[in-house]
Each structure stands twice: as C-alpha cells, then as structure tokens.
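Trainee: Supplied in structure tokens, the structure appears directly below.
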Amino acid sequence: MDFDLVVRNGTVVTASDIWESCDIGIKDGIIVAVGPRLPATAGAQEIDAEGAFITPGGVDSHVHLSQVHNANIDDVDRSAITDGVIPDRENYVGDTYDTGTRSAVAGGTTTVVTFASQMKTDESIIPVIENYHKLAKDQSYCDYAFHAIITNPTSQIVEDEFPRMVEEYGITSVKLYMTYKPMRLLDYQILDVMYSARKLGITTMVHAENADIIDWMTQHLEQKLMTHPHHHGTSRPPIVEAEATNRVICLAELMDTPILLVHISGGPATKHIRDAQTRLLPIYGETCPQYMFLLADSMRKGDFEGAKCVCSPPIREDKSDQDAIWAGIKNGTFNVVSSDHAPCKYNHPNGKQRGLQHGNLPYGKFRFIPNGLPGVETRVPLLFSGGVLSGRISPQKFVEVTSTNPAKLYGLKKKGSIAPGFDADLVIWYPQAKFQPFNLTNDMLHHAIDYTPFEGIEFKNWPRYTIIRGKVVFSHGEVVGEMGYGQFIRREKSLLPGPRDVWLTEWRP
Ligand code: URP
Ligand code: ZN
Ligand code: ZN
C-alpha cells in the first residue's frame, strides 16, 4: 500500500466503535486504510499518536462569519457588506473567514458551515450567496460550506431561486428566524419556505422564540428600569422558546417536512422536540456548549460585564434546564452540538458596548446589546474534556454529535468519520498521562475577539494535531496551516430521514 501519511498507534473513535492500537493510512488527502500495523511506505510522513484518542475532525454546522449585521441590530450600514470585502476590518467587531477558521482549526474543527445572510431589503438571494463566496475565497484555514438565512421569502426566491441554490450552489439548508425585527418571518411565510424546501429536499433550520412575548417583556422591563444584561434572560423565559418550538413543529407536521430546531437552550423546548420524535416526525435538534456548561449567573457579573454572555436564546437560570440539555444529548433528542459562534467584541463601541449607549444607567439597556458569543474554538475541546473525560458522554457519542451527525444532516458526504474513502480530517489528542490540565484564558485562543465566555474553565485535554485532507494544520498549540487551504464544499441533500408522506388533512402539496 502506498501512503503519503500514516498516523500510528491511536485509539480511533467513530460514532459507533473504538479501536485501540490502530493506524490510519492516508493518500491524496483521503483515508485509504484503517487497521493494525499498516506497512511502512518509503517517503511517507509518520505521526505517532502514542495511544491517544483520534477522532474525526469537528464539523461545526452553525458558525457566523463576516456577517456585518447582528441579528438584533437593525441600524446596519448596507455598504459595509457589498462586493465581497469588509472595507473597515480594523473596526469589524466579529470574526471574518480568516480569523474564525484559524480559531476553528486550533480547536479541532475541520469544516464549518457558515451563513450567507439575506437582509430584508435583498430581493434576490443569488447576489447574497455570491458576496459570501467572495468574503470566504482564499481566506479560510478549514473547509467551509454555506446555509442561506432567508429573511424575505418572496415567491421569486422560494420558487425560482431555491432550486438554483441547491443545483448551482450546493446549498441544501436554510435558516429562518421567528424573532428579531430585522430577520423574523411570520408563520405564513414559514409555510411558504417549507412548501418549497420539502419539494427540493432542503433542510429548514429554525430559530424558535416568540417575538411578541420578547418585545412585550422588554418594553415592560424597561419601564421598571430592569435593563441590566441579565434581564435579557428575564425577558425570554424558557416558555418563549418552547411556544415557538411547538408552533414550528406543528407547521412542519402540516407540511410533512423535516426541520432542525437550532441552539435549543431549555428543558420545555427539548420536551417538545422529544415528543415530536416519539411520534416519528423528522424533527431534529441542535444545542450548544453555552447551554451545557454555563448558567445565567454569567450574565449577572458586574454592572455590564454580563453582556459578554448575552445571546439568544439566553443562557438559562435553572440547573434543571442544563440537565435536560445533557439528557437530550444522551438520549438522541439532540442530533448535533454546534457552537453558534456569533461573536462580537466587548470593548468596542459597535460591539457589546452598544448596550451602554442609550441613557446613563451604569448597567445599560440589554435590548441594545448585540446578541451572540464566540465558541468555534472551544466547542470540541469542551465536549471532549467536560463530556467524555468527565464521564458524562461516551467517546462515540462525542463523535456523533460533534462530527458524524452534522456531516450526515447537512449532506457533507466525505466528512464526519474515520473510514476508507472519507476525507482525512482528524483530531489527534494528547495521551492523557502527558497532558497538564489548564484553565482557559482568552489569550490562548485564535479568534479576533477580546473575551471568551468560557474563561477560567478547566480543560483536561486539547487537540494535539488537527489534520485536514491529510495535512497537519494545527500542531502543539500552533496554527501551521495556511489561509486559503480551506475549500468550499458543495453539499448534497441530508442523509437523515425526510418527509414521510403522512398528512393531517386531505390536502397535498
Ligand atoms: O445570540 C445569537 N445566537 N446570535 C446569533 C444569531 C442567531 O440567532 O443564531
Ligand atoms: Zn439563531
Ligand atoms: Zn446563530
């Protein structure tokens, strides 16, 4: 056998199995052999895993990069996102494709699915997609694909452009918002999208929160000066997510179409998803590390520091919500754990500090804080350390939710496993005996953001090597890959079950 790279003596983990003392042979970026004592090849590079775990490269299917507008901010300078350039990078408050994917590989993620985000004034989604292609081209350290965020589903877009999105652009999923004024769709519009998505095999991702409850609560909290960052959570109790989750599951059942509920944070919404799955509906669930490892006390810090942890849905108050999320991962309610990397600098007037720019309260007004937090680099190590090594989930479950399932769900055919024919995207961990646990500080990370919500958390391991298509891109704490190595991936349709042809009425699409 002829290899370019052989990784020797690892404990290889897939979503179903673990093999000790296992080698992996790689040729032309593809895994060609997996097994014990593979033969030596003259000239092949060799890496000794020293018995450590080897897992498939992370697939993070929810990453916001180079999005100039934040979901809850509507005063957007439109000129800042045209023509595939961010003109004022010095003043850019999020991560771009270079900084975001550099951060991804340093945390064991080898593929990111990012968003091409339509604004309500965009009459066509095609130039939006072209623009994100320009923003990402030659900029990415890891492989990448796009979902489309749809905020204005005109008949031209859903009827004429969705088929082009799938066929010409290899985009097989859309994200819809039930909240945020600049993004939100009404139920009627959601049905319009689902109708077309069903026909084309598109997976519909939904941000489910009840917009009216949020607006009403925000207004009434402001009247009582309850505007500290942690009241972001007060304005959105778990029922806000649960009601919208239940509603959109009903819409999906009516339309007999698969949906994925993104970034689920609370027990009540988890239960709605579980109940729908028990009724065999093709309903999928995603959660994120912030809902597994943090509680709402993170938003109570200081007068304003809690703004660092303001995201939507909010990090929950009650430990029972966190427990429900862990239970949902274990019992399969959640198919994927993504980062929802939607970062925003803290010490920047256009970043989290926006929350201090209205009135003169020392704790500002939560409604003006851009939503979202960074997490693309910490997702995989957090789940490995705080999930596998702390005994909460098995190594196979870790692989399933961080890599295999997101690849299957989003039609990334060659990603997400360690088997002949798959891209050689691997994470080699440290042998446990050789690793000195440490407490995370932001200066260890590779994003462009000035904080991490996971500051101080102990890590019991970290990727020693990240390998993409047979090339080492991160080694012993250093990013050694090159910007531009990452390739755009056209996606196929989801490999998970879709429509069932089971109807609530005699109507058929
Ligand atoms: O707060 C969050 N999650 N902001 C990012 C946009 C989104 O809704 O995913
Ligand atoms: Zn969202
Ligand atoms: Zn998001």
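Trainee: Using a 7 Å offset from the Cα along the Cα-to-Cβ direction at both residue 271 and residue 250, what is the distance between the two label points in nm, to one decimal?
Mentor: 1.7 nm
Trainee: In a solvent-free Debye calculation with one equal scatterer on each Cα, what is log10 I(q)/I(0) for region 1-61 at q = 0.24, 0.26, 0.28 Å⁻¹, listed in the order of the q values?
Mentor: Each listed q corresponds, in turn, to -0.99, -1.11, -1.22.
Trainee: Using only the Cα atoms of region 457-504, build the gyration tensor, take square roots of its eigenvalues as a ≥ b ≥ c, and label the shape rounded, prolate or oblate: rounded if a/c is under 1.5, else prolate if a/b is larger than b/c, else oblate.
Mentor: Judged from the Cα gyration tensor, region 457-504 comes out oblate (a/c at least 1.5, b/c at or above a/b).
Trainee: More than 17 Å apart: what percent of Cα pairs in region 342-433 qualify?
Mentor: Counting every Cα pair in region 342-433, those more than 17 Å apart make up 65 percent.
Trainee: With contacts defined as alpha carbon pairs under 8 Å and 6 or more residues apart, what's the relative contact order of the chain in percent?
Mentor: Averaging sequence separation for qualifying contacts and normalising by length gives 22 percent for the chain.
Trainee: Residue 90 to residue 500: FRET efficiency via 1/(1 + (r/R0)^6), r the Cβ-Cβ distance, R0 56 Å, to the nearest 0.05?
Mentor: Using R0 = 56 Å, I get an efficiency of 0.60.
Trainee: A further question on this structure: Hey, could you get me the Stokes-Einstein D for region 193-316, Kirkwood radius over alpha-carbon pairs, 20 °C and 1.002 mPa s, rounded to whole µm² s⁻¹?
Mentor: Stokes-Einstein gives a translational diffusion coefficient of 139 µm²/s.
Trainee: What number does region 85-188 give for Rg over Rh if you use C-alpha atoms and the Kirkwood radius?
Mentor: Dividing the radius of gyration by the Kirkwood radius yields 0.99.
Trainee: Karplus couplings for region 434-443 from phi (6.51 cos²θ - 1.76 cosθ + 1.60, θ = phi - 60°), rounded to Hz, Gly and Pro as x?
Mentor: Once θ is set to phi - 60°, the couplings for region 434-443 become 8, 9, 8, x, 9, 9, 5, 10, 4, 5 Hz.
Trainee: Give me the tail of P(r) for region 295-370 as a percent: Cα-Cα pairs with distance above 20 Å.
Mentor: So the pairs more than 20 Å apart make up 41 percent of the total in region 295-370.
Trainee: Label-point separation (nm) for residue 154 and residue 358, each offset 7 Å from Cα along Cα-to-Cβ?
Mentor: 3.0 nm
Trainee: Once phi is turned into ³J(HN,Hα) by the Karplus curve 6.51 cos²θ - 1.76 cosθ + 1.60 with θ = phi - 60°, what whole-Hz value does each residue of region 154-160 show in order, with x for glycine and proline?
Mentor: So the J values, rounded to whole Hz, are 5, 5, 4, 5, 6, 8, 9.
Trainee: Pulled fully out, how much extra length does the chain show between residue 443 and residue 413, if you take 0.36 nm times their separation in residues and subtract their Cα-Cα distance?
Mentor: Separation in residues times 0.36 nm, less the Cα-Cα distance, equals 7.3 nm.
Trainee: Please report the projected area of the chain's Cα convex hull averaged over all directions, in nm².
Mentor: The directionally averaged projection comes out at 22.4 nm².
Trainee: According to a simple spin-label model (label point 7 Å from Cα along Cα-to-Cβ), what is the distance in nm between residue 215 and residue 305?
Mentor: Each label point is offset 7 Å from its Cα along the Cβ direction, giving 3.6 nm.
Trainee: Using 0.36 nm per residue of separation minus the Cα-Cα distance, give me the extension gain between residue 223 and residue 488 in nm, one decimal.
Mentor: Stretched out fully, the residue 223 to residue 488 stretch lengthens by 90.6 nm.
Trainee: So between residue 74 and residue 120, what do we pick up on full extension, going 0.36 nm a residue minus the alpha carbon distance?
Mentor: Result for the pair: 15.5 nm of gain on full extension.
Trainee: Inverting the mean 1/r over all pairs of different Cα atoms, compute the Kirkwood radius of region 142-200 and quote it in Å.
Mentor: Value: 12.0 Å, from the Cα pair sum.
Trainee: Which part of region 460-499 falls in the paramagnetic zone of residue 45, meaning amide N under 15 Å from the point 7 Å along Cα-to-beta-carbon?
Mentor: Of the residues in region 460-499, 464-483, 485-486 have backbone N under 15 Å from the label point off residue 45.
Coordinate-derived values only; no laboratory data. Note that this is a predicted model, so its numbers are computed, not measured. Here Cβ is always computed from backbone atoms with ideal geometry, including for glycine, and neighbour counts include all displayed protein chains.
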